[in-house]
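Throughout, read-outs are computed from the coordinates displayed, never taken from laboratory work. Because the structure is a prediction, the values reported are computed rather than measured. Because the Cβ atoms are built from the backbone with ideal geometry, glycine has one as well, and the counts that use them run over all protein chains shown.
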Amino acid sequence: MDIRIQAIADRAQTEFGLENYRLGRHAIFQKQDALGEPYYQLSMEWFPFTAGEIEEDENPDGTAVIDYHIQEERFETVIFVMEQSESTCRPFMNKTVEEMASFVERQTRYQFGRDFFVREFYGSGVSFHSEVDGIRLSPNFQAEVNCDEQGRLISFTTYGKAPDPHAIMQQEFHMTLEEIEPLVQEHVKLFEFPSETRGKFVSAYTVDEVFIAVDGSTCLPFFTDERMAVPVGELLEWTEPLHGSINRNPLGPSQAVDVEEAFQERTTEAFCLSAEQVEQCKLAVLTALRMEYPEESGKWRLKMLQPEQRYISAFCQAAESTASDILRPKLVFFIDKSTMNVMNLMDNRLMLQDMFNSFQPAEPAKIDKGTAFEALVPYITMEPVYVYDFRNKTYVLCGLIDTDVAVDAVSGEIVTLEDL
């Protein structure tokens with residue numbers, strides 16, 4: 001075993017009381033953190049001595065699955081399978097927030113009360129998150145610690161990283177819904193919700209969640225993946241189809257990487273796309289469409305590109321708008337980064353047909369958008385959130401526009417989203 005891996009394993013054994021365990025498997029994988037930056041993760045599986053013979057890919061009860069962030073030199077995750085532990089360490093004898101916060105501090109080198117705060121305490125565990133002046137972040141640092149009755153660790157998980165103070169554009173939050181009413185109204189949309197209890201689709205207006213910057217000039221997508229992606233928005237058209245089909249290859253799990261690569265002084269550059277790569281992706285998707293869907297010219301729009309470790313995901317949606325994003329046909333093309341050719345694709349139309357084929361269509365809307373908006377106004381909320389803008393690499397203060405109700409587009413009644 002490489003001496004650097006052995007040093008980490010020795011540290012894990014001491015830190016988590018694994019004297020009654022043996023290191024059964026380990027591998028290194030390239031990962032992407034919450035801010036889109038790549039890093040290398042050492043994954044280890046420690047088997048208790050009492051487990052006996054172990055089948056390939058089996059993790060018996062009590063196995064300690066541990067992930068280590070090589071670049072930040074810290075443990076990201078420790079999970080004891082089926083919440084059974086044979087650890088000799090009991091760091092949570094009193095099961096207090098202070099004990100669990102101290103444990104997170106030791107593992108992350110973050111400071112409790114500065115870099116992370118209590119989100120929820122539930123006796124046998126605590127969840128923590130990062131915030132700025134009481135305002136949460138998206139994405140933010142999250143950690144959770146759980147223990148058993150004997151005070152032994154049974155799970156420790158982390159996500160993201162505490163924000164760099166220099167990356168936060170701190171501002172006072174004075175924005176009101178009245179000031180940004182036109183923007184809010186733009187995000188009230190008509191959807192068709194599949195109702196299992198009624199066996200049909202129900203037309204209703206509700207707010208499409210969005211972040212609006214405090215200056216009122218910028219809207220950022222709710223989902224981090226969308227903020228991280230490269231927007232395109234190009235209609236895909238052609239005059240002549242192409243014969244043949246794409247050479248489909250299974251995506252498969254992430255491949256383990258070489259030790260020397262993982263411990264190099266400088267990590268791989270962020271998963272980003274050059275202007276040339278964006279154009280290559282457009283051509284690759286267009287070529288695949290011309291072969292796989294030769295009669296569908298002008299029916300698809302390339303929405304965005306999302307670079308990942310081994311491939312680039314190209315998301316297409318039906319050019320013709322529908323009343324329900326749930327039912328909107330979508331294609332995802334997976335482009336090999338080494339060849340810039342489509343290696344596989346996913347089409348959601350067959351799945352949608354299987355899931356909702358028995359549902360009755362929605363009744364036509366009788367309520368217009370303006371009327372629905374007026375009915376929704378008392379139920380629309382705005383929460384201040386510092387949102388990471390991947391273009392500028394800064395956290396921008398925004399208002400999260402949301403609601404938990406909808407307006408029935410036929411009756412005009414207010415209904416909760418849970419009841420749809």
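Worth pointing out:
- Quarter the surface of the alpha carbon convex hull of segment 296-420 and you get the mean projected area, 11.6 square nanometres.
- Cα-based helix-to-principal-axis angle, 97-108 vs the chain, degrees rounded to 10: 90
- Theoretical FRET efficiency, 1/(1+(r/R0)^6), r = Cβ-Cβ of Thr381 and Asp164, R0 35 Å, to 0.05: 0.75
- Tilt relative to the chain, helix 275-292 - C-alpha long axis, 0 to 90 degrees, to 10: 70
- Each peptide in 29-39, 374-384 was scored by the mean count of other Cβ atoms within 10 Å over its residues; highest first, the order is 29-39, 374-384.
- For the peptides 123-135, 390-402, the ranking by mean Cβ contacts within 10 Å, running from highest to lowest, is 390-402, 123-135.
- Taken about its Cα centre, the chain carries a charge dipole of about 540 debye when Lys and Arg each add +1 at the Cβ and Asp and Glu each add -1 at the Cβ.
- Taking 0.36 nm per residue of separation and subtracting the current Cα-Cα distance, fully stretching the chain between Ser217 and Asn94 would add 39.3 nm.
- With the charge dipole of segment 147-265 set up from +1 on Lys and Arg Cβ and -1 on Asp and Glu Cβ about the Cα centre, the Cα lying farthest toward the positive end among the listed residues Ile154, Gln171, Val232 is that of Ile154.
- Pairwise Cα inverse-distance average, inverted: Kirkwood Rh of segment 106-200 (Å): 17.2
- Restricting segment 190-254 to GluC sites (Glu not before Pro) that sit in a DSSP loop and have at most 14 other Cβ atoms within 10 Å of their own Cβ leaves Glu196, Glu209, Glu237.
- Using Cβ point charges alone (K and R +1, D and E -1), the dipole size of segment 101-229 about the Cα centre works out to roughly 540 debye.
- MRE, 222 nm, helices only [DSSP H, n ≥ 4, -39500 (n - 2.57), over the chain, to nearest 500]: -5000 deg cm²/dmol
- Computed over segment 311-379, Cα set: Rg, Dmax in Å: 17.9, 53
- P(r) tail fraction, segment 161-230 - alpha-carbon pairs more than 17 Å apart, %: 63
- Restraint check, Lys161/Lys330; Lys189/Lys366; Lys303/Lys393; Lys200/Lys303; Lys330/Lys366; Lys200/Lys366, Cα-Cα greater than 24 Å: Lys161/Lys330; Lys200/Lys303; Lys330/Lys366
- Net charge contributed by nearby residues that have their C-beta within less than 13 Å of Glu383 (K/R +1, D/E -1): -3
- The Cα center of segment 1-33 and the Cα center of segment 166-215 differ in position by 45 Å.
- Cα-based equivalent ellipsoid, segment 1-41: semi-axes from gyration tensor eigenvalues, Å: 25, 12, 9
- Proximal charge balance of Gly298 [Cβ under 13 Å; K/R count +1, D/E count -1]: -2
- Helix 3-15 axis versus longest C-alpha principal axis of the chain: approximately 80°, rounded to the nearest ten.
- The calculated P(r) of the chain, using every Cα pair and 10 Å bins from 0, goes 4, 16, 22, 26, 22, 9, 1, 0 in percent.
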